[in-house]
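Okay, so here's the structure we're looking at.
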Amino acid sequence: MEHAAAHGGAGEERRATLYVVATPIGNLADISQRALDVLRRVDAVAAEDTRVTRRLLAHYGIATRLIAVHEHNERRAAGQVLALLAAGKSLALTCDAGTPAISDPGALLVAAVRGAGYPVTPVPGPNAAVAALSASGFASPHFLFYGFLPERSAARRRALAALAPLPFTLVFHEAPHRVEACVADLRDGLGGERRIVLARELTKLFETLHECALAEAVEWLAGNALRRKGEFVLIVEGAVGAPAGDEAGRRALEVLLPELPLRQAVDLAARIGGGGKKELYRLALELKKP
Ligand code: SAM
């Protein structure tokens, strides 16, 4: 297999390459053999927080040099990474937990490296959202990964109004101090009858997956302070009987346009809503007008 030969496990040794390496979201054993091989062999690891990645490396007896690449220095650090790549060095990119660039820094660096013509290779592994979804039991074949909703309730409610008609399982990150308020807004914005799975502290000692109707979720959280502790992924059922055809396409467009290039937003909106692409394209141009 050509692919396996090019990226083959312990023998992997590519110069001037950036490896995007997923690391555990709690349980240190959740790291692939390939990730460990890469972290050991690269010339440097560009880490979101060098202290966190140093602990992981130390656990596995890896002494690779670390450099800091976090959201406040990502552009500057990209220069340092590009200089190393230009010198033929290879690097790994890690974040504190899970997959870099997914609700975490990394995308700017990856874009700079790809833009400069160097290979970027993912080393896949843990991701909190996918882990939670895989254990949710929600059978819909489609999901929308949203990440963090806005922190302020008014903005959060606006975001939820746009998501409410979409027929996809919705996947959110949330911090413990906001989870109760967020779940209350989910209930009000999406309707109390939808099912939610609250996935907390995945792969850790106090891992909890609790499923209930949105109408019951705030009460469940309020019932015990321990239930609000730690890190959360919230999985919510998509809309049932979402509006068909152009109306659903229009709503999808309203959500996607601010986030994506126009053509991509139109393509996705057509697939989501089933509306005609030509009409959606015209509508997108209308919506884009200041
Ligand atoms: N890049 C990460 C990934 O691939 O999973 C996500 C990083 S994001 C900054 C952090 C959020 O991920 C947390 O606020 C929480 O919503 C979620 N998260 C991370 N670890 C988790 C865990 N062990 N259990 C549940 N949620 C977790």
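The values are calculated or read from the model by the stated rules, or taken from the named source; none is laboratory data. Here the structure is a predicted model, which means the values were calculated and not measured. Note that each Cβ is placed from the backbone with ideal geometry, even for glycine, and that neighbours are counted across all protein chains shown. These area figures cover heavy atoms from the full protein model, side chains too; ligands, DNA and RNA do not enter into them. Shrake-Rupley method; radii C 1.70, N 1.55, O 1.52, S 1.80 Å.
Along its principal axes, the stretch 129-236 has C-alpha extents of 36, 30, 22 angstrom, given from the largest down.
Within the stretch 129-236, antiparallel bridges make up roughly 75 percent of the DSSP beta bridges whose residues both belong there. Taking the protein heavy atoms of the chain in the context of the full set of protein chains, the accessible area attributed to carbon and sulfur is 53 percent at 1.4 Å. Calculated from DSSP H runs of 4 or more alone, at -39500 (n - 2.57) each and per residue, what is the 222 nm mean residue ellipticity of the chain, nearest 500? Using -39500 (n - 2.57) per qualifying helix, the result is -12500 deg cm²/dmol.
Taking other residues whose beta carbon is less than 14 angstrom from the beta carbon of Arg263, and scoring Lys, Arg as +1 and Asp, Glu as -1, yields +3. With the convex hull constructed from alpha-carbon coordinates only, the stretch 81-144 shows a mean projected area of 5.5 nm² over all directions. Over the stretch 5-134, the fraction of Cα-Cα pairs per 5 Å bin, rounded to whole percents and listed from the shortest bin up, is 2, 12, 23, 26, 21, 12, 4, 1, 0. Accessible surface calculations at 1.4 Å, restricted to protein heavy atoms, place the chain at 51 Å² per residue. Size descriptor for the stretch 245-288, Kirkwood hydrodynamic radius: 9.4 Å (Cα pairs only, one decimal). With viscosity 1.567 mPa s and temperature 4 °C, the Kirkwood radius over alpha carbon pairs of the stretch 25-69 converts through Stokes-Einstein to a diffusion coefficient of 121 µm²/s. Semi-axes of the equivalent ellipsoid for the chain, computed as √(5λ) from the eigenvalues of its C-alpha gyration tensor and ordered from largest down, come to 36, 26, 17 Å.
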